[in-house]
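The values are calculated or read from the model by the stated rules, or taken from the named source; none is laboratory data. It should be emphasised that the depicted structure is a prediction, and the values quoted were computed from it without experimental measurement. Here the Cβ positions follow ideal geometry from the backbone for every residue, glycine too, while neighbour counts run over all protein chains shown.
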């Protein structure tokens with residue numbers, strides 16, 4: 001290994017430096033992304049005739065809400081909610097936009113009855129607008145479903161406005177990662193080349 005590094009150290013370093021330059025270039029060329037996130041709480045009211053929360057009805061209500069949470073997550077990720085969200089933000093509903101925006105919407109179960117919706121946008125307002133459209137669409141959709149199914153189950157926004165953050169970008173990280181990946185790739189390539197050359201001589 002030591003002999004290998006001595007033999008190819010200059011070439012490995014050159015590839016690493018070139019990769020570091022590529023990392024710097026990507027830092028400036030890749031656009032900044034924004035992420036908006038906010039949570040929705042799944043509530044279930046106790047049946048009005050149940051006098052004790054810790055009765056069967058209280059237990060059933062909690063279990064129903066937890067099961068309901070999974071259904072809500074599935075709907076958030078569906079084309080139906082995406083289509084309704086597109087209409088709200090003024091986008092045309094077609095196959096291309098559905099595929100594009102479904103990749104920008106993420107729903108995560110962060111608690112038994114808590115769903116966090118995360119949306120991505122090219123600008124701060126894009127990410128926030130999409131989050132608002134998705135959260136409004138899922139709440140109104142579930143209200144219609146629940147009115148005919150279980151009127152005691154519902155969704156509540158934890159906050160009216162999402163928290164929006166800029167995607168992480170650091171020129172030093174990009175440079176270092178580029179350099180290390182370049183060196184690693186060069187070592188693999190030169191190792192294969194060295195191996196093939198030594199076997200040809202035999």
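General remarks:
- The set of residues from segment 7-34 being touching a helix residue (DSSP H, G or I) at 6+ places or on another chain (Cβ under 6 Å) and either under 23 Å from residue 105 (Cα atoms) or free of Cβ contacts under 8 Å to residues at least 60 places away in the same chain (or both) comprises just one member, 34.
- Residue count, segment 145-163 (criterion: without any contact (Cβ under 8 Å) to a residue 24 or more places away in the chain, in a loop (DSSP other than H, G, I, E, B) and more than 17 Å from residue 69 (Cβ to Cβ)): 2
- Leading residue by the ranking (surrounded by the most Cβ atoms within 10 Å (Cβ to Cβ)) among those in segment 157-202 that are closer than 26 Å to residue 129 by Cα and modelled with pLDDT under 90: 169
- Flag for residue 121 being closer than 30 Å to residue 30 by Cβ and either at pLDDT 90 or above or in the same structural domain as residue 74 (by TED's automatic domain parsing) (or both): yes
Condition check ((1) part of a strand (DSSP E or B); (2) crowded, with 18+ Cβ neighbours inside 10 Å; (3) touching a helix residue (DSSP H, G or I) at 6+ places or on another chain (Cβ under 7 Å); (4) at pLDDT 90 or above) across all residues:
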| site | (1), (2), (3), (4) |
| --- | --- |
| 51 | no, no, no, no |
| 64 | no, no, no, no |
| 68 | no, yes, no, no |
| 81 | no, yes, yes, yes |
| 129 | no, yes, no, yes |
| 133 | no, yes, yes, yes |
| 143 | no, no, no, no |
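- Residue 117 falls short on exactly one of the conditions (1) in contact with a helix residue (DSSP H, G or I) (Cβ under 6 Å, 6 or more places away or on another chain); (2) outside any helix (DSSP H, G or I); (3) in contact (Cβ under 8 Å) with a residue 24 or more places away in the chain; (4) over 13 Å from residue 36 (Cβ atoms), and that condition is (4).
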